1. Looking at the structure I just gave you, is K29 in contact with a helix residue (DSSP H, G or I) (Cβ under 6 Å, 6 or more places away or on another chain) and not polar (S, T, N, Q)?
2. Within segment 122-136, restricting attention to residues that are at pLDDT 95 or above and among the small types (G, A, S), which residue is surrounded by the fewest Cβ atoms within 10 Å (Cβ to Cβ)?
3. Taking A69 and the conditions (1) under 17 Å from H139 (Cβ atoms); (2) free of Cβ contacts under 8 Å to residues at least 24 places away in the same chain, which numbered condition does it fall short on, given that it satisfies the others?
4. Of all residues in segment 43-75 being of a type in the set (V, I, T) and assigned to a helix (DSSP H, G or I), which is nearest to K113 (Cα to Cα)?
5. Filter segment 99-130 down to the residues that are more than 14 Å from E61 (Cα to Cα), of a type in the set (A, V, I, L, M) and outside any helix (DSSP H, G or I) and list them by number.
6. Among the residues of segment 83-98, which ones are in a helix (DSSP H, G or I), charged (D, E, K, R) and surrounded by fewer than 12 Cβ atoms within 10 Å (Cβ to Cβ)?
Amino acid sequence: MTSFVDNLTARIEKFIQLVDSKYIDWENKPMPGKWSNKEIIGHLTDSAQINLQRFVRCTYEENFKLVYAQDEWVKAQHYQDMEIADLLQLWRLLNMQIARVLDNYPSNRLSAKCDNSKNEASLHTVEWLAQDYIGHLQHHLNQIKLK
């Protein structure tokens, strides 16, 4: 898990530095029904919350199901109305907690599985979930447009 932790923290810190050095239009929605840059960070915050729960629960249980309705979560959390500095801090801290949990993960639990699918059961190991989390994170960070 060390390489995952290093990869995650490097991506988070790089993005935070980019935010400090470039101007990003956080508020604008590119099209009706699409998320603003702020809401993308909000979605990544929700993803961090859910995945943190998955990682923690896999230390002591298996084969549980944990999914969420992403659009409903973004809407319910009112990220569009949140101060961007607060939102970025929340997102960063949740990811640092994921890194902390995974950096100290019990090696005998890395193959523990949980179901993250919305329909048919699809069990994945902690290692798979960690790699998928990085890919998902980078996908959405790439969507954030600089002005």
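1. Working: in contact with a helix residue (DSSP H, G or I) (Cβ under 6 Å, 6 or more places away or on another chain): no; not polar (S, T, N, Q): yes.
Criteria not met by K29.
2. Step by step, filter segment 122-136, then rank; the result is G135.
3. (1)
4. Only one residue fits best here, namely V56.
5. Selection gives A121 alone.
6. Residue satisfying the conditions is D86 alone.
The values are calculated or read from the model by the stated rules, or taken from the named source; none is laboratory data. Nothing here was measured: the structure is a model prediction, and the numbers come from that model. Reconstructed Cβ throughout: ideal geometry from the backbone, glycine too, with neighbour counts over all protein chains shown.
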